[in-house]
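Shown next, in structure tokens, is the structure this report addresses.
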Amino acid sequence: MLKKIGVYHLLPFIIACLFFFISYQLIISDLIDNNVDVKPLETKIISGAQTQLKDRYARLDNDNYELNYIASIKNKKQITLFGSSEFSESPYVTYNFLPSKKNAQILGVGHAHHQILSILIELLAAHPENKGSKVVFFLSPGWFGAQGTNSEAFVEFAKPNFLNRIVNDSSIQQKYKVHIGRFIDLKHSEFEGVSISMNYLRGVYLDSQLSQISNTQLEQFINKNFSGTKHKAIIPKVEYQLELTYLTPPPSIIINYDSIAHQLKNEFVANITSNNLYVNDDYYTKYLLKDDGTEREELITEIDISTNEEYQDFKRLVEYVKEREMEASFIIIPYNPYYFKNADIYLPLIDSLTSTLESNNLPYYNLYAGDTLSYDPGVLTDVMHFGDYGWMKVNKYIDSLYYGND
Amino acid sequence: MGMIKKIARNTLIYFLLILGYVYLYAINIDAVLNPSKEQEVKSKIDFVYQQF
Amino acid sequence: MKDFLIEIIDEIAFTRVDLDEKLWETQVLDSITVVELAVEIENEYNIKIPFDEVIVENFETVNLLIDYINKKLT
Amino acid sequence: MTTLHDTLPFTSGLFFQYMLICIAVVFGVKYVLKGKLPYKYVLAFLTLVYISLLFTKPFHLIGLILYLYIASLLLRKFYKNDNLVLPILVLSVPIFLMKSLSVIPATDEATLLLTAKNIVQIAGLSYLVFKVISFYIDERRSKGVISLIDFFNYTAFVPTLLIGPLDRFKRFNTNVQNGYDNINKKMIGKGWNNLILGLLYKFIIAEAIRRYVLVNLVDDGTLIYHLSYMYTYLLYLFFDFAGYSLLAMSFGNFLGIDVPYNFDKPFLAVNPKEFWKKWHKTLGDWLNDYFFKPIFKYLTTKKYKTSITRQNIALMLTFTLMGFWNGFELHYIVSGMLFGLYSVIHNYYVYKCKRTKKDVVFGDMNSKMVRIISIFIMFNAVAFAIYIFSGKLF
């Protein structure tokens, strides 16, 4: 019995494996490489004038949006804001308010789930353009609770052109590529139809890990030989040819932030009738009221900074921002402590964020509040998104930081 | 069937199985051979955008 | 009986066979003609031959057929 | 849950996981529990798990099996006539419902029709009904009760549920009665051989043909395109279907059921008769035993016209039925009739040869040469009929 299996199955299987390795080494790898050589790739050129000087792109859906985003990074008169679900259409949101009031050039990028890894990829894609750029990051505490970027958001925000550009840019430090590659490797089973640049980045990560036993031998073999770093030559180059636009701002206009803000806050508080959580009525009835008429209760789960994916992404982002000498600032969005009764559980995280920023000399505006005493009602319109009052505080901060006005 | 013939037959089957598995399933050979073709990357996780 | 059988096989398959000649193996009969033969036998001897008895063991030679029919008749 | 209930046999990783669990359970009961649980109950339980958790329409399938069980029981008890037309019609009601409903365009606003369609369209229905017809015809005179559990195991056996191979009750039930004794080295060896060949056929060769040839053919309306589509589709269909049948056999083997084979080098067939012994053999045998033979016998008894005419009429009817069985669409029916025509031509040729005692087409040609030419003609004739079947032309 055993002999039969050995002779008719084990032996053929071993011979077949040998054949496969030999034929791969001799013929197939050559075939692929040759095939690659005969198809020289043209550089994809996206060109045009900068047209988007305010407002926001929820996602960078087409070449024109990409072009305007890259232009926004390159244009040192324009500020680029990176954020997620707090970005809305309200006239008080920074990218609406400051452009309309004082002709400032400000573009917002992102919507829900646009987290640090996606932002880092967008910045890396603009590596040749981003030296000294003016950028503002809106950090949501929810990102850290979500344990990093999810694969669906990655597919949505990590545009093929951007990834291709990162792969082809040899002046980008390897550690950033490894960082993206690690994410792709971690989530690779969740992707369908992985692109070559994704495979390349994954290969960069796997190469960096080769000394450690992280994968099976076969998988390593496959990654190294077929889809890893070997085929960089066939990833198309992407170039943006930009014509920047500059607005001339009217001579320093002084905006009375405090009075507008005060009025907005009073209106907000006066309009709430359904609750005493300082949450607007619509949101409250829609999300916080359960079917039986009682109030939903929710607590924040504690997180471990040392293993938190989003926190690792944050540290990489700070490194990169420093390296590129960007004029960067960070806005830390609070949780509503009237609703999240244990909001103080995130204070250590917020401390780590601020101390990292301080040690890197990066300005930040921390609105996080661990309890109701330190929370300024009206900053949030609900439990985690800025209200108009909150936006006015942010506008004042940005105006003073980037335009030197109070 | 003779012993040699059977061994040869099974060797061929295993060889084609390995080859086919690697090229059809383990790697994206299409992407390697036709890099110019735009590839659509999808996430298998059907993520519903929620409020929280 | 054997004359009838040899005659009828000749009529159906255009072949004159001996008593021990193999009918299936030499392809004198096939799955179509064997049904005809069965029907002819049914009519001649007034017996019923179900399909699951139209098999090589009963129909391979004329001699076997004669045994089979006799068994059916008794 | 919606995705779970889409797991048709051999279509997803989940199905293979289910099969592996089944095999583990059966082996576990055999070796760990020393076969204390009767095999047929274990088999029925595993099948029920599949139907209720993974199959698309669990209640519809169970309902169908119950209908067929009760119908064949009643027929066995109360219908003593030799004429089989009525029983076959009664058992085929679900097929008629499904096939005729699927011809009516689905765009119809009549929601009643859509609901009706939704109820009767069950994956694997035609195969199930064919199995039950053969069961009824073979067992209608047998003594003793046929229990629901035996009937259920036979009709709903998961590896062959969707598209065969079509097994026979007597053969299948002998395996079930042998139970754990059937799970032996020989059967497992056979299962393994079927498994590797089946995987190769279906998931490697057929998939490669589909992915790299079939979908890349550009329909420019030329003859070249239609010819290349014809041959590619034939090869694809063969490797996919034969691979599927081998996998069904393989998992059957691992569970101790010696599922009959369906394909055996069909492209080396020299004539239609041999072809149907090599291509989808279990269907060919079924049509021969339960349709061709009774009709031909009926015509012969009635002395309808001459012998050769009777043969040809029966052949033509049989293959036309096969066409209708595939579906009531025109291309299926024409393809079936085309296969009928092939058989009629060949049958007439054999008749002529026997009658004149010489080969009326090839004369005294070298027999090896005749064989090669026959294979060539047969292959192309099949390719053409399958091309019609594919619905590419109309």
Loop trypsin sites (Lys or Arg not before Pro), chain C (other Cβ atoms within 10 Å of the site Cβ: 15 or fewer; DSSP): C:ARG16, C:LYS22, C:LYS48
With Cα atoms, 0 to 90° folded angle of helix D:111-120 axis to chain D main axis: 80
Within a Gaussian network of chain A (alpha carbon springs, distance under 10 Å), most fluctuating of A:ASP351, A:ASP61, A:ASP292: A:ASP292
Qualifying trypsin sites (Lys or Arg not before Pro) for region D:1-83 [loop in DSSP, other Cβ within 10 Å: at most 10]: D:LYS34, D:LYS36, D:LYS80
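For every helix of n ≥ 4 consecutive DSSP H residues, a contribution of -39,500 (n - 2.57) applies; sum these over chain A, divide by its total residues, and give [θ] at 222 nm rounded to the nearest 500 deg cm²/dmol.
-12500 deg cm²/dmol
Which whole-number percentage describes the relative contact order of chain D, with Cα contacts under 8 Å and a sequence gap of 6 or more? Don't jump to the answer; show the numbers that get you there.
On the way: 422 pairs, mean separation 57.7, N = 394.
Worked out over chain D, it gives 15 percent.
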Set D:LYS77/D:LYS277; C:LYS71/D:LYS277; A:LYS102/A:LYS265; A:LYS101/A:LYS315; A:LYS3/D:LYS277 screened for pairs whose C-alpha atoms are more than 27 Å apart: D:LYS77/D:LYS277; C:LYS71/D:LYS277; A:LYS101/A:LYS315; A:LYS3/D:LYS277
Estimated Rh, region D:246-394: Kirkwood, alpha-carbon pairs, angstrom: 16.9
Stokes-Einstein diffusion coefficient of the protein assembly as shown, Kirkwood radius over Cα pairs, 37 °C, 0.692 mPa s, in µm²/s: 96
Dmax and Rg, reported as Rg then Dmax, of region A:93-183 (C-alpha, Å): 14.7, 44
Long-range tail of P(r) for region D:1-81 (Cα pairs > 21 Å, %): 47
Of A:PHE340, A:GLN263, A:ASN360, farthest towards positive along the dipole that unit charges on Lys, Arg, Asp, Glu beta carbons give chain A: A:ASN360
In Å, descending, principal axis extents of the Cα set of region A:44-243: 61, 38, 27
Cα gyration tensor shape of region D:189-288, rounded if a/c is under 1.5, else prolate or oblate by comparing a/b with b/c: oblate
Hz values of 3J(HN,Hα) by residue in region D:335-341 - Karplus curve (6.51, -1.76, 1.60), Gly and Pro given as x: 4, x, 5, 4, 4, x, 4
For region D:4-182: rounded, prolate or oblate by the Cα gyration tensor [a/c cutoff 1.5]: oblate
Tensor-based shape of region D:277-349 (alpha-carbon gyration tensor, a/c under 1.5 rounded, otherwise prolate or oblate): prolate
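Contact order normalised by length for chain A, with contacts defined as Cα pairs under 8 Å and 6 or more residues apart; what percent is it? Mind dumping the intermediate values first?
Numbers: 589 pairs, mean separation 80.2, N = 406.
Value for chain A: 20 percent.
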Helix A:174-186 axis, angle to chain A major axis (alpha carbon atoms, nearest 10°): 80
Estimated translational D of chain D in µm²/s (Stokes, Kirkwood radius over Cα pairs; 37 °C; 0.692 mPa s): 143
Paramagnetic label zone (point 7 Å from Cα along Cα-to-C-beta, A:LYS4; backbone N under 14 Å) in region D:173-187: D:183-187
Listed residue pairs exceeding 32 Å between alpha carbons, taken from D:LYS131/D:LYS358; D:LYS80/D:LYS190; C:LYS72/D:LYS302: D:LYS131/D:LYS358; D:LYS80/D:LYS190
Pairwise label distance in nanometres, A:SER47 with C:ILE66, each label 7 Å out on the Cα-Cβ vector: 10.3
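For region D:126-196, with only Lys/Arg (+1) and Asp/Glu (-1) charged at the beta-carbon, what is the dipole magnitude about the Cα centre, in debye rounded to 20? Walk me through the numbers before you get to the answer.
Values: 10 positive and 5 negative charges, 44 e Å.
It comes to approximately 220 debye.
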Distance from region C:1-55 to region A:144-168 (C-alpha centre basis), Å: 78
Computed [θ] at 222 nm, deg cm²/dmol, chain D (DSSP H ≥ 4; -39,500 (n - 2.57); rounded to nearest 500): -22000 deg cm²/dmol
Cβ-defined net charge surrounding D:PRO38, 15 Å radius [Lys, Arg +1; Asp, Glu -1]: +2
Calculated Rg and Dmax of chain A using C-alpha coordinates, Å: 25.3, 93
Pairwise Cα inverse-distance average, inverted: Kirkwood Rh of region D:146-217 (Å): 14.8
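Give me the net charge of D:ILE209's neighbourhood, meaning all other residues with Cβ under 13 Å from the Cβ of D:ILE209; Lys, Arg count +1, Asp, Glu -1.
Working: positive: D:LYS202, D:ARG210, D:ARG211; negative: D:GLU207, D:ASP240.
Charge balance in the 13 Å sphere: +1.
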For the protein assembly as shown, with +1 on Lys and Arg beta carbons and -1 on Asp and Glu, the positive-most of A:SER197, A:ILE166, D:TYR349 along the dipole: D:TYR349
Largest-first ellipsoid semi-axes for chain C, taking √(5λ) over the Cα gyration tensor eigenvalues, angstrom: 17, 13, 12
Nearest 10 degrees, 0 to 90: helix C:33-45 Cα axis against chain C principal axis: 40
Separation of alpha-carbon centers, region A:299-358 and region A:46-108, rounded to whole Å: 24
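If you place +1 on the Cβ of every Lys and Arg and -1 on the Cβ of every Asp and Glu, how big does the dipole about the Cα centre of the protein assembly as shown come out, in debye to the nearest 20? Let's see the in-between values first.
Details: 90 positive and 92 negative charges, 786 e Å.
Dipole of the protein assembly as shown, to the nearest 20 debye: 3780 debye.
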Reachable aspartates and glutamates, given that their alpha-carbon falls under 12 Å from the alpha-carbon of D:LYS186 and they are not under 8 places away in the same chain: D:ASP258
Positive-end residue, the protein assembly as shown charge dipole about Cα centroid, Cβ charges, pick of A:PHE21, A:PHE154, A:PRO236: A:PHE21
Magnitude of the charge dipole, chain A, Cβ model with Lys/Arg +1 and Asp/Glu -1, debye to 20: 1420
Region A:286-370: GluC sites (Glu not before Pro) in DSSP coil with no more than 14 other Cβ atoms inside 10 Å: A:GLU297, A:GLU302, A:GLU325
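Values quoted throughout were computed directly from the atomic coordinates according to the rules given, and no laboratory measurement underlies them. Because the structure is predicted, anything quoted here is derived from the model rather than measured. Because the Cβ atoms are built from the backbone with ideal geometry, glycine has one as well, and the counts that use them run over all protein chains shown.
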